Amino acid sequence: MGQLEERYKNYRVPQEYMKQGVYPYFREITSKQATEVEMAGHKVLMFGSNAYTGLTGDERVIEAAKKALDKYGSGCAGSRFLNGTLDIHVQLEKELAEFVHKDEALCFSTGFTVNSGVIAAVVGKGDYIICDDRDHASIVDGRRLSFARTLHYKHNDMDDLERVLKTLPYEAVKLIIVDGVFSMEGDLAKLPEIVALKKKYNCSIMVDEAHGLGVFGKQGRGVCDHFGLSDEVDLIMGTFSKSLASIGGFIAAGKETINYLRHTSRTYIFSASDTPAATAAALEALHIIQEEPERIEHLWDITNYALKRFQEEGFEIGDSESPIIPLYVRDIHKTFLVTQAAFEAGVFINPVIPPACAPQDTLIRFSLMASHSKEEVERGVQILKKVFVDLGIIK
């Protein structure tokens with residue numbers, strides 16, 4: 001047995017739950033991502049997807065990807081810095097910049113590499129990063145790669161944020177980084193208050209719009225637009241893997257900042273370009289969400305319906321203001337049991353346990369798509385109500 005095998009042979013957590021038959025991860029789907037998917041030989045309602053606009057199976061998106069495959073081939077075989085820039089990459093960047101009200105945008109191969117590459121590039125030695133303590137893992141990794149000093153404030157606690165800012169030099173570069181919509185709890189960043197503190201303490205702001213695009217703001221432009229504060233936010237990040245029905249990500253900012261990142265961000269320079277099919281799919285999805293406002297309107301209709309129904313049935317749902325609805329379990333073992341029982345009853349949901357949350361905050365993440373019907377949502381509520389009652393989580 002080699003060194004690594006010897007080191008990890010006693011890693012028991014997954015094996016323990018596998019033996020119990022309740023291990024909930026890496027479950028295989030054998031159909032398109034839709035409101036109902038095929039898994040393990042039967043169909044289940046999908047309430048575990050980030051495809052908020054419901055476009056992953058849209059024929060227009062699929063056809064755009066097919067045409068790109070025919071025209072450009074399956075990949076670029078190089079980075080954007082070298083041979084990997086296509087005209088559709090440039091077109092998507094221009095349209096995204098306009099969409100989020102910024103001068104320019106830069107597309108990356110994944111959303112994760114946007115945060116891990118941009119943060120490390122824009123702030124360095126002598127600078128400061130200030131993070132909400134529930135920021136996404138990609139933000140955590142980005143600030144770890146930076147030589148800037150990192151400080152944290154309690155989740156959405158503006159008094160604590162101000163406490164941190166008071167300790168920092170006024171003239172120093174200080175970047176506040178925050179999720180627009182927090183991916184597990186579904187609540188929003190207090191952006192108006194953050195902008196006020198930015199002005200008071202001479203800071204910059206970066207907002208991760210991964211879960212805000214396609215959901216909030218005019219035509220789904222995001223949380224920054226929702227609050228009317230796009231001009232006050234220095235860097236806007238987004239992903240293609242959620243509302244834009246593809247894979248990839250982007251950063252949007254002022255012209256000089258984007259030009260700097262284009263030549264210094266290591267995850268941009270040293271990663272292969274996003275594939276032609278993925279780029280074309282994201283571009284088509286961007287067009288659709290702007291042309292079909294009724295899609296986002298329906299997403300909010302069923303979101304408000306689901307929030308109301310879960311509250312009526314006695315679930316603890318926290319402060320969610322989005323299609324991400326946390327159903328608190330507050331017990332790791334029961335969180336896995338809920339996931340398994342729900343699956344057997346025909347509902348796919350995601351368990352959230354440490355390190356994605358504190359041990360006392362384990363939850364089921366119930367997320368909605370614009371393609372869900374009210375009837376499907378009600379079925380999901382009823383099935384989960386029975387599971388939670390049977391396990392003694394709610395009455």
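The values are calculated or read from the model by the stated rules, or taken from the named source; none is laboratory data. This one's a predicted model, so the numbers in the text were calculated from it and none came from an experiment. In this analysis, Cβ positions are derived from the backbone assuming ideal geometry, glycine residues included, and neighbour counts consider all displayed protein chains. Note: accessible area is taken over every heavy atom of the protein model, side chains too, but ligands, DNA and RNA are not part of it. Shrake-Rupley method; radii C 1.70, N 1.55, O 1.52, S 1.80 Å.
With respect to Ser322, is the statement that it is in contact (Cβ under 8 Å) with a residue 24 or more places away in the chain and farther than 30 Å from Lys71 by Cβ true? Before the answer, list the steps.
On the way: in contact (Cβ under 8 Å) with a residue 24 or more places away in the chain: yes; farther than 30 Å from Lys71 by Cβ: yes.
Taking the combined requirement at face value, the residue satisfies it.
Matching residues to (1) surrounded by fewer than 19 Cβ atoms within 10 Å (Cβ to Cβ); (2) modelled with pLDDT of 95 or more; (3) of a type in the set (D, E, K, R):
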position: Val118; (1), (2), (3): no, yes, no
position: Gly126; (1), (2), (3): yes, yes, no
position: Ile130; (1), (2), (3): no, yes, no
position: Ile139; (1), (2), (3): no, yes, no
position: Lys154; (1), (2), (3): yes, yes, yes
position: Met158; (1), (2), (3): yes, yes, no
position: Leu175; (1), (2), (3): no, yes, no
position: Glu185; (1), (2), (3): no, no, yes
position: Pro192; (1), (2), (3): yes, yes, no
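When segment 140-192 is examined, which residues are found to be at negative phi and among the polar types (S, T, N, Q)? Give the derivation first.
From segment 140-192, those at negative phi are 140-155, 157-185, 187-192; that's our starting set.
Once the filter is applied, which keeps residues that are at negative phi and among the polar types (S, T, N, Q), segment 140-192 yields Ser146, Thr150, Thr167, Ser183.
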| request: Determine which single condition His333 fails, assuming it passes every other condition in (1) more than 21 Å from the chain's Cα centre (by Cα); (2) open to solvent by 40 Å² or more (accessible area, probe 1.4 Å); (3) modelled with pLDDT of 95 or more. | output: (3)
| said: Quick test of your reading of the structure: Glu378 fulfils all but one of (1) in a helix (DSSP H, G or I); (2) open to solvent by less than 40 Å² (accessible area, probe 1.4 Å); (3) touching a helix residue (DSSP H, G or I) at 6+ places or on another chain (Cβ under 9 Å). Name the failing condition by number. | reply: (2)
| request: Would you be able to tell me the number of residues in segment 3-52 that are closer than 30 Å to Ile289 by Cβ, among the acidic types (Asp, Glu) and open to solvent by 100 Å² or more (accessible area, probe 1.4 Å)? | output: 1
| request: Take segment 1-59 and flag every residue that is over 25 Å from Glu375 (Cα atoms) and small (Gly, Ala, Ser). | output: Gly2, Gly21
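Let me confirm something: among Ala285, Ala245, Ala272, which residue is touching a Ser or Thr at 6+ places or on another chain (Cβ under 8 Å) and on the phi > 0 side of the Ramachandran plot? Full working, then the answer.
On the way: Ala285 fails: on the phi > 0 side of the Ramachandran plot; Ala272 fails: on the phi > 0 side of the Ramachandran plot.
Sole residue among the options that is touching a Ser or Thr at 6+ places or on another chain (Cβ under 8 Å) and on the phi > 0 side of the Ramachandran plot: Ala245.
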| message | Are there helices (runs of 4 or more DSSP H) fully within segment 206-316 with at least 3 residues that are open to solvent by 10 Å² or more (accessible area, probe 1.4 Å) and either over 29 Å from Val329 (Cα atoms) or touching a residue at least 40 places away in the same chain (Cβ under 8 Å) (or both)? List them. | response | 255-264, 266-269, 276-291, 293-312
